[in-house]
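S.K.: Once you've had a glance at the structure underneath, I'll fire off some questions.
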Amino acid sequence: MPRSTPSLLRIGTRGSALALWQARTVQDLLTTQQPGIATELVIIKPEGDLDKHSSLRQIGGRGVFTSALQQRMLANQIDLAVHSTKDLPSLAPHGIAIAAFPQREDARDALISRHGVGLEELPANPIIGTSSRRRSAQILQVRPDAQIRELRGNIDTRLRKGLSDEFDAVILAAAGLKRMGWDAQITTLLPVEVSCPAPGQGALAIEARIDPDPAWQAVGMLDDADIRTAVMVERAFLRGVGGGCSTPIGAHARLERMHGIATVRFWGMLGSDDGSRLERMYAEWPAERAIDSAFAAADEMMRAVLPKWTSVALERPLHDRRILITGSASHLDALQGRLAHIGAQVDALQTVEIETVPVVLPDKVDWLVLTSKHAVAALDWNAVNAPLAAVGEATAAAIRAAGVEPTLVADGPGAAQLASQMIAIGVADKHIVCVLSDIARSELTDLLAAAGVELTVLTGYRNTPVTGMPDTLRDDIAAGHMEAVTFASPSSVAAFVELVGADLPALSGAAMIAIGPTTADAMTRHGLPVHATAGDSTVSGLIETLSRYFGGQEPS
């Protein structure tokens with residue numbers, strides 16, 4: 001065997017009959033394709049299995065069936081975890097990803113009824129069992145007279161209840177019933193146009209520590225490319241919905257090829273948290289654009305189901321929204337009070353510490369460039385007599401507060417825009433001094449150097465990641481209470497992902513908001529969705545973006 005091939009793979013799984021069936025299927029696939037690898041099943045009980053009485057909404061609903069397995073993987077106690085994809089939140093802990101989608105069964109919902117009839121033929125005021133708000137919302141569209149009752153327990157327990165006098169019908173995933181050989185119990189399969197499935201429903205997912213972990217390489221051979229394409233489109237729709245912890249979401253994609261052209265057919269469903277509004281969509285996209293299109297479609301549909309603005313909402317547009325703000329201490333101080341003033345419940349997490357590094361400018365400076373307000377304190381402003389260029393209004397405002405008017409402020413966000421404007425006015429052969437952070441990206445300096453300038457780069461401040469957070473805040477994050485998270489710098493994004501660690505899946509569904517495009521790029525690199533980016537990279541721009549995101553129109 002190649003040196004990187006593991007001799008033993010420990011496969012984590014829940015202990016239910018269906019979960020064990022899924023794990024043993026993966027076990028058989030692995031040993032068939034790679035007979036030199038031994039496998040071992042490790043049974044783990046997640047919170048969703050330990051508490052069979054509380055509703056999923058009460059115990060969190062995000063990762064209650066998967067987080068325990070992910071934590072064991074991070075602790076190197078298992079090498080793989082087998083999941084029903086529909087149970088996986090849209091975010092994964094740093095260092096873990098889905099290595100393979102090996103199999104997919106029928107994705108539709110199934111109705112089981114002791115009456116032997118379909119949804120529309122059930123008796124008046126039927127009692128229908130389901131633990132899914134997605135299913136509940138869609139059932140009530142067809143049968144508004146239905147009484148929905150919580151249905152928990154393993155698949156065999158729920159099936160038994162569905163055939164008892166306690167319920168007129170229950171709704172279960174067809175995939176589980178078929179895998180267990182119980183498909184004869186299905187009364188009818190609900191069309192996706194009636195009950196749009198959960199994203200990933202029917203698909204198996206195998207998580208592993210990311211490549212180059214040997215387990216990732218071993219299990220990657222089981223991945224079905226067509227299943228991956230369809231499921232990742234569905235999960236892109238799921239990632240695109242921000243700000244709703246209990247939003248009913250349905251997404252189903254089918255990959256079809258005709259004359260060599262791959263097309264994704266997509267059905268989506270989104271309901272409001274209170275169940276009062278429900279929107280559906282159908283679209284066909286070229287396969288190569290389907291993931292981006294699904295993410296954008298989710299954002300558009302969210303606008304349709306959000307509560308409409310009222311006079312109260314216009315004054316307090318973030319009323320009772322739980323917002324987690326991240327960044328340096330000065331950024332948190334500037335943001336926290338203003339968000340609270342417009343109704344937000346604000347949790348502040350310092351992710352970076354800023355240390356000013358005093359700089360001494362060279363004797364000859366033709367242009368002085370600052371890309372952050374944090375660099376302002378590094379300068380002796382009595383010694384500054386060169387023209388100033390600034391990235392962003394926040395930097396420009398800090399320069400003005402020091403008593404100097406910047407000569408040039410970039411028209412748009414990002415260092416590339418400033419470099420383009422400086423090159424356009426003619427800075428070749430000029431001596432440009434850039435005062436940056438110790439971890440600044442090289443985009444600005446690379447562009448200026450390529451234009452033939454004489455360049456001096458000075459470190460004006462250092463970013464140090466914060467390594468801990470209060471236990472109470474960690475508990476609230478893990479419980480899935482946050483509706484939005486804001487980011488103010490690339491360094492803050494990196495520190496945040498490390499700080500939150502294994503609790504990151506609990507933030508699935510929270511709106512992720514960037515202060516500007518550079519920060520948005522960092523979020524993408526770290527596996528976070530970007531639901532909105534402030535056009536004006538300032539505290540005011542961030543607040544305005546949050547207010548617009550959670551409302552049906554831009555507040556006046």
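S.K.: In the range 199-213, how many are within 24 Å of R134 (Cα to Cα) and not in a loop (DSSP other than H, G, I, E, B)?
M.R.: Within the range 199-213, the subset within 24 Å of R134 (Cα to Cα) is 199-205.
Pick out the ones that are also not in a loop (DSSP other than H, G, I, E, B) and you get 203-205.
Total satisfying the criteria: 3.
Residues are listed down the side, and each one gets a yes or a no for (1) at pLDDT 95 or above; (2) in the same structural domain as Q70 (by TED's automatic domain parsing); (3) not in a helix (DSSP H, G or I):
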| site | (1), (2), (3) |
| --- | --- |
| A215 | no, yes, no |
| A236 | yes, no, no |
| G268 | yes, no, yes |
| E279 | no, no, yes |
| D299 | no, no, no |
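Yes or no, residue by residue, for (1) among the hydroxyl-bearing types (S, T, Y); (2) buried (at least 16 other Cβ atoms within 10 Å of the Cβ):
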{"residue": "A383", "(1), (2)": "no, no"}
{"residue": "M422", "(1), (2)": "no, yes"}
{"residue": "A428", "(1), (2)": "no, no"}
{"residue": "S437", "(1), (2)": "yes, yes"}
{"residue": "S442", "(1), (2)": "yes, no"}
{"residue": "L447", "(1), (2)": "no, yes"}
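S.K.: Looking only at strands (runs of 3 or more DSSP E) that lie completely in the range 340-399, which have at least 2 residues being out of contact with any Leu (no Cβ under 7 Å at 6 or more places or on another chain) and within 26 Å of T467 (Cβ to Cβ)?
M.R.: Once the strands (runs of 3 or more DSSP E) in the range 340-399 are filtered for at least 2 residues that are out of contact with any Leu (no Cβ under 7 Å at 6 or more places or on another chain) and within 26 Å of T467 (Cβ to Cβ), what remains is 352-356.
S.K.: Still on this model: Mind listing whichever residues of the range 408-419 are more than 15 Å from C434 (Cβ to Cβ) and at pLDDT 90 or above?
M.R.: Across the range 408-419, the qualifying residue is only V409.
S.K.: If L91 satisfies all but one of (1) of a type outside the set (D, E, K, R); (2) buried (at least 22 other Cβ atoms within 10 Å of the Cβ); (3) touching a Pro at 6+ places or on another chain (Cβ under 8 Å); (4) outside the structural domain of D211 (by TED's automatic domain parsing), what's the number of the condition it fails?
M.R.: Checking L91 against (1) of a type outside the set (D, E, K, R); (2) buried (at least 22 other Cβ atoms within 10 Å of the Cβ); (3) touching a Pro at 6+ places or on another chain (Cβ under 8 Å); (4) outside the structural domain of D211 (by TED's automatic domain parsing), the one that fails is (4).
S.K.: Pick from the range 177-195 the residues that are assigned to a loop (DSSP other than H, G, I, E, B) and under 22 Å from L18 (Cα atoms): which of them is nearest to the chain's Cα centre (by Cα)? Let's see the steps before the verdict.
M.R.: First pass over the range 177-195, keeping only residues assigned to a loop (DSSP other than H, G, I, E, B): 180-182, 186-187, 191-195.
If we keep only those that are under 22 Å from L18 (Cα atoms) as well, we get 180-182, 186-187.
Working: M180: 32, G181: 35, W182: 35, I186: 34, T187: 36 Å.
Per the stated criteria, the residue is M180.
S.K.: For the range 246-288, how many residues are polar (S, T, N, Q), without any contact (Cβ under 8 Å) to a residue 60 or more places away in the chain and buried (at least 17 other Cβ atoms within 10 Å of the Cβ)?
M.R.: So the first thing to find is which residues in the range 246-288 are polar (S, T, N, Q), and the list is 246-247, 263, 272, 276.
Filter once more, keeping what is without any contact (Cβ under 8 Å) to a residue 60 or more places away in the chain: 263, 272, 276.
Next, from what is left, pick out any that are buried (at least 17 other Cβ atoms within 10 Å of the Cβ): 272.
The number of residues fulfilling the criteria is 1.
S.K.: Just to be sure I understand, how many residues within the range 494-519 are part of a helix (DSSP H, G or I) and over 13 Å from the mean Cα position of the chain (by Cα)? Lay out the reasoning, then the answer.
M.R.: Of all residues in the range 494-519, those part of a helix (DSSP H, G or I) come to 494-507, 517-519.
Narrowing the set further to residues that are over 13 Å from the mean Cα position of the chain (by Cα) leaves 494-496, 498-502, 517-519.
Residues in the range 494-519 being part of a helix (DSSP H, G or I) and over 13 Å from the mean Cα position of the chain (by Cα): 11 in total.
S.K.: Let me ask something additional. Quick check: anything in the range 21-32 surrounded by 14 or more Cβ atoms within 10 Å (Cβ to Cβ), within 13 Å of V219 (Cβ to Cβ), out of contact with any Gly (no Cβ under 6 Å at 6 or more places or on another chain) and free of Cβ contacts under 8 Å to residues at least 12 places away in the same chain?
M.R.: Yes, the range 21-32 contains a residue that is surrounded by 14 or more Cβ atoms within 10 Å (Cβ to Cβ), within 13 Å of V219 (Cβ to Cβ), out of contact with any Gly (no Cβ under 6 Å at 6 or more places or on another chain) and free of Cβ contacts under 8 Å to residues at least 12 places away in the same chain.
S.K.: Next question, about the same structure. In the range 88-162, which strands (runs of 3 or more DSSP E) lie fully inside it and hold 3 or more residues that are within 29 Å of I227 (Cα to Cα) and more than 25 Å from the chain's Cα centre (by Cα)? Talk me through it step by step, then tell me what you get.
M.R.: On the way: elements: 96-100, 109-112, 127-129, 147-149.
Counting at least 3 such residues, we get 109-112.
S.K.: With the requirement that a residue be outside any strand (DSSP E or B) and of a type outside the set (D, E, K, R), what does the range 477-493 give you? Walk me through it before giving the result.
M.R.: Going residue by residue through the range 477-493, those that are outside any strand (DSSP E or B) are 477-483, 488-493.
Matches in the range 477-493: I477, A478, A479, G480, H481, M482, A488, S489, P490, S491, S492, V493.
S.K.: A294 fails exactly one of the following numbered conditions: (1) out of contact with any Gly (no Cβ under 6 Å at 6 or more places or on another chain); (2) outside the structural domain of P406 (by TED's automatic domain parsing); (3) assigned to a strand (DSSP E or B). What is the number of that condition?
M.R.: With (1) out of contact with any Gly (no Cβ under 6 Å at 6 or more places or on another chain); (2) outside the structural domain of P406 (by TED's automatic domain parsing); (3) assigned to a strand (DSSP E or B) applied to A294, the lone miss is (3).
S.K.: Yes or no: the range 454-470 includes at least one residue that is in contact (Cβ under 8 Å) with a residue 12 or more places away in the chain and touching a Pro at 6+ places or on another chain (Cβ under 7 Å).
M.R.: Let us first name the residues in the range 454-470 that are in contact (Cβ under 8 Å) with a residue 12 or more places away in the chain, namely 454-469.
Filter again for touching a Pro at 6+ places or on another chain (Cβ under 7 Å), leaving 456.
Looking for residues that are in contact (Cβ under 8 Å) with a residue 12 or more places away in the chain and touching a Pro at 6+ places or on another chain (Cβ under 7 Å), one finds at least one in the range 454-470, hence yes.
S.K.: Output the qualifying pairs, or none if there are none: Cβ atoms under 6 angstrom, residues six or more apart or on different chains, first residue in the range 536-549 and within 14 Å of A484 (Cβ to Cβ), second residue of a type in the set (A, V, I, L, M, F, W, C) and assigned to a loop (DSSP other than H, G, I, E, B).
M.R.: Cβ pairs passing all conditions: L542/I515; L542/A534; T545/A534.
S.K.: Can you pull out the residues in the range 168-188 that are in contact with a Leu (Cβ under 8 Å, 6 or more places away or on another chain) and among the hydrophobic types (A, V, I, L, M, F, W, C)?
M.R.: Within the range 168-188, A169, V170, I171, L172, A174, L177, M180, W182, I186 meet the criteria.
The values are calculated or read from the model by the stated rules, or taken from the named source; none is laboratory data. The model shown is predicted, which means the values in this text are computed figures rather than measured ones. Cβ: placed from backbone, ideal geometry, glycine included. Neighbour counts: every protein chain shown.
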